[in-house]
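Following: one structure in structure tokens, then a few remarks.
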Amino acid sequence: MADHSSKLDIVQATAALKSLRSLRNNVGTLFHSLTEGIGLQSGQDSKESRFVAELQQQLVTVQSGVKEFEEAINNVDSVQVNLGNSGHLNQDCTPDALNLYESLVTSYRWTDNLVEYSGYATTLLSQNALKRSTLIHAKRRRIQPSSQNVPPHTIDNVINSVCRSLGDNVKIETFRPYGSSTVLQITLGKIMKGIVVLKRLMVEWVVVKGATEDLIEDGKIDMWGESRYKVFRKVTENANAAMLHFYSPAYPELAIRSFLTWFNSYQSLFTSPCKKCGHHLHNLLPPTWRDLRTLDPYHEDCKP
Ligand SMILES: [Zn+2]
């Protein structure tokens, strides 16, 4: 469909360009006649009248050319998307801006098609009773209030109680650098440390780095930087997977407790052998995965 309309566009635009070219030609001839005259050798009167007649004819040609061009332009406009002020981008002669205009038109077409298709989809879906998904929606709506608007001191209390239950080797500090979101800095002895970003009580983001690496850069917590070491990049990956596994808006306290307990099991990252193969190293890495239920250590390739 998009293909069809763009082909139509090209045909219309070519026609418009063609009529513009012929209009310019005719105007050129007209001005040429005006400046140079129409080289006639006969008497003065007939020369003048021939000149006027010829000029009139050329003016008529120009006039009809203008009309033709106007029509062609209108045709092009009717298939164009309305881009508002951004439409002037195509008059910018820098090559960068030209590309921008083209992608703008393409994306507008995409959006138009999307709106059209989603309209069809809505009609089709509304004809089928989707009881299952309605049920899930109802459940979600009921669950929401318990995980919303958790005051900071409640979060602190939960974190402190989890921290106490995990033993002395784990240290959890809380920050709120961006207002309401809580950021936890967790240090597991001399093994590793991590940044955990919470939204209310739900874990949103985890970064793990080595004990010697910096989590704070230029006075700010570095949430996006990766560890230099492959082992901690792997743990970061697994921690993000675990975060999704433990996600539970119905029981946010249990979810954060389970996640932190799982995270704390990395105390034995370099000391526990793999539960399956019994080795410490595999592919030069220690067991970087912890079972989500039993917390047993496994290599990436030995996961149950
Ligand atoms: Zn193994």
**Message:** For region 265-283, which positions are free of Cβ contacts under 8 Å to residues at least 40 places away in the same chain and either aromatic (Phe, Trp, Tyr) or more than 10 Å from the ligand (Cβ to nearest atom) (or both)?
**Reply:** 265, 268, 271, 272
**Request:** Answer with yes or no whether residue 82 is at pLDDT below 75 and open to solvent by 90 Å² or more (accessible area, probe 1.4 Å).
**Result:** yes
**Request:** Mind listing whichever residues of region 231-264 are among the small types (Gly, Ala, Ser), within 16 Å of residue 303 (Cβ to Cβ) and either in contact with a helix residue (DSSP H, G or I) (Cβ under 6 Å, 6 or more places away or on another chain) or within 16 Å of the ligand (Cβ to nearest atom) (or both)?
**Result:** 242
**Request:** Tell me which residues, restricted to region 11-37, are more than 48 Å from the chain's Cα centre (by Cα) and either crowded, with 16+ Cβ neighbours inside 10 Å or in contact (Cβ under 8 Å) with a residue 24 or more places away in the chain (or both).
**Result:** 26, 27, 29, 30, 33
**Fill in**
So, first residue more than 17 Å from residue 268 (Cβ to Cβ) in region 291-304, second residue more than 11 Å from the ligand (Cβ to nearest atom), Cβ within less than 8 Å, six or more apart or across chains; the pairs are 304/291
**Item:** Yes/no for residue 198 being more than 16 Å from the ligand (Cβ to nearest atom) and part of a helix (DSSP H, G or I)
**Value:** no
**Request:** Run residue 76 past the list (1) at pLDDT below 80; (2) open to solvent by 60 Å² or more (accessible area, probe 1.4 Å); (3) of a type outside the set (Gly, Ala, Ser) and report the number of the one that doesn't hold.
**Result:** (2)
**Inter-residue pairs, beta-carbon under 6 Å, first small (Gly, Ala, Ser) and in region 234-253, second part of a helix (DSSP H, G or I) and surrounded by fewer than 16 Cβ atoms within 10 Å (Cβ to Cβ), 6+ apart** = 250/143
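The rows are residues; the columns are (1) modelled with pLDDT under 85; (2) surrounded by 11 or more Cβ atoms within 10 Å (Cβ to Cβ).
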| position | (1), (2) |
| --- | --- |
| 112 | no, yes |
| 135 | yes, no |
| 153 | no, no |
| 169 | no, yes |
| 179 | yes, no |
| 185 | no, yes |
**Item:** Of the criteria (1) part of a helix (DSSP H, G or I); (2) modelled with pLDDT under 90, which one residue 234 fails
**Value:** (2)
**Test result for residue 214, among the charged types (D, E, K, R), in contact with a strand residue (DSSP E or B) (Cβ under 9 Å, 6 or more places away or on another chain) and more than 16 Å from the ligand (Cβ to nearest atom)** = no
**Prompt:** Out of all the residues in region 155-167, which are surrounded by 16 or more Cβ atoms within 10 Å (Cβ to Cβ) and over 15 Å from residue 261 (Cβ atoms)?
**Reply:** 155
**Request:** Can you work out which of the residues in region 284-304 that are acidic (Asp, Glu) and near the ligand (Cβ under 9 Å from one of its atoms) is surrounded by the fewest Cβ atoms within 10 Å (Cβ to Cβ)?
**Result:** 301
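The values are calculated or read from the model by the stated rules, or taken from the named source; none is laboratory data. Just so we're clear, the structure is a prediction, and the values are computed from it rather than from any experiment. Every residue, glycine as well, gets a Cβ built from its backbone with ideal geometry; the counts of neighbours run over all protein chains shown. Each accessible area value is taken on the protein alone, full model and side chains, heavy atoms only, with ligands, DNA and RNA left out. Shrake-Rupley method; radii C 1.70, N 1.55, O 1.52, S 1.80 Å.
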